[in-house]
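All remarks here apply to the structure that follows.
The values are calculated or read from the model by the stated rules, or taken from the named source; none is laboratory data. In this text, all values refer to a predicted model and were calculated from it rather than measured experimentally. In this analysis, Cβ positions are derived from the backbone assuming ideal geometry, glycine residues included, and neighbour counts consider all displayed protein chains.
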Amino acid sequence: MHRVEHISRRIRTERPAGRPVEVPLWEQWAQQSAALPQGERLQKVLAIRGWGSRRVCEEIIAAGRVTVNGEVAVLGRRVDTETDLVELDGVPIGLRPGLVYYLLNKPTGVITTASDPQGRPTVIDRVPAEPRVYPVGRLDVDTEGLLLLTNDGDLAQRLTHPSHGVDKEYLVEVDGGSVAQGALRRLREGIELDDGFTAPAKVSQPSPGVLRVTIHEGRNRQVRRMCEAIGHPVTRLIRVRIGTLHDRTLRPGDWRELLPEELNALIESVGSHTTRAGVAPVDS
Ligand code: URA
């Protein structure tokens, strides 16, 4: 039976005389919404908090080790992480112990790699050596700004996967003075580079020759190549936001751990498998 039909029949009530009476429309609507699936599937919530692959998390649930609000959970159960208490072996799931998340304000001259054969300073040298962490995505050696480093491979993979299209916002100083409206429009609409057209970008010019550019692709040297293509080579490039993450007070070279609310917002932002239409697969 169709869901809506089923619900509207279910919420018909009986008059004492036995004649059915329709429930007011607004009340039907509220009851229908309440009957739709809410929240995230439990195995997904466990997986994105670092308790293992979806498969492993399904096994943990099937073994009866997970409770939601004190009741043993079944596979496929949906939870609202804001309001439901989810426990594994009686302990709130939180985040898996041992996972760390650092936000670094990368200075120029430091390379985004785990180790450099030429012995140049790397972003890894800037943060604690243990546990071993990896940069999420990449900034060019000459680019400054925010970079996330973590040992949470699952979150790193989600943040860099093109299907999630996480926004990255840059402040860009360009050569050649004020950028003409036509050139800004080309950047906004998508511009042809040697590896194809870029996706539409958000672009503004807060002052002549300074752009604020937001993209959700992660192509190699993308912002530099976009600006080059409109005849305004980049002279300074600073990443000021990664999805929900920003920090104006972190000085170049400094790092800090993410706050729990920042981490939650980040996890929530990539928790869904919704694919953003029109995003071409790219390396990031
Ligand atoms: N785009 C670039 O051109 N360089 C970066 O480092 C990041 C984005």
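Quick notes
- The residues in the range 40-70 that are among the small types (Gly, Ala, Ser) and surrounded by 15 or more Cβ atoms within 10 Å (Cβ to Cβ) can be counted, and the count is 3.
- The range 91-107, residues that are free of Cβ contacts under 8 Å to residues at least 60 places away in the same chain and either of a type in the set (Ser, Thr, Tyr) or over 12 Å from residue 133 (Cα atoms) (or both): 91, 92, 93, 94, 96, 97
- For beta carbons closer than 9 Å, sequence separation of 6+ or different chains, a first residue in the range 185-206 that is in contact (Cβ under 8 Å) with a residue 60 or more places away in the chain and a second that is acidic (Asp, Glu) and surrounded by 11 or more Cβ atoms within 10 Å (Cβ to Cβ), the qualifying pairs are 199/217.
- Every residue from the range 131-158 that is within 11 Å of the ligand (Cβ to nearest atom) and of a type in the set (Ser, Thr, Tyr): 143
- Tally of residues being surrounded by fewer than 16 Cβ atoms within 10 Å (Cβ to Cβ) and either assigned to a strand (DSSP E or B) or free of Cβ contacts under 8 Å to residues at least 12 places away in the same chain (or both) across the range 108-119: 5
- Selection from the range 176-195 of residues that are under 25 Å from the mean Cα position of the chain (by Cα) and either within 16 Å of the ligand (Cβ to nearest atom) or surrounded by 17 or more Cβ atoms within 10 Å (Cβ to Cβ) (or both): 187, 190, 191, 195
- Number of positions in the range 247-263 that are touching a residue at least 12 places away in the same chain (Cβ under 8 Å), of a type outside the set (Asp, Glu), away from the ligand (no atom under 16 Å from the Cβ) and out of contact with any helix residue (DSSP H, G or I) (no Cβ under 8 Å at 6 or more places or on another chain): 4
- In the range 112-126, residue farthest from the ligand (Cβ to nearest atom) [restricted to those that are modelled with pLDDT of 95 or more and under 23 Å from the mean Cα position of the chain (by Cα)]: 124
- The listed residue being within 14 Å of the ligand (Cβ to nearest atom), modelled with pLDDT of 95 or more and within 27 Å of the chain's Cα centre (by Cα), out of 228, 173, 217: 173
- Subset of the range 138-174 [in a loop (DSSP other than H, G, I, E, B) and either of a type outside the set (Gly, Ala, Ser) or surrounded by fewer than 17 Cβ atoms within 10 Å (Cβ to Cβ) (or both)]: 138, 139, 140, 141, 142, 143, 151, 152, 161, 166, 167
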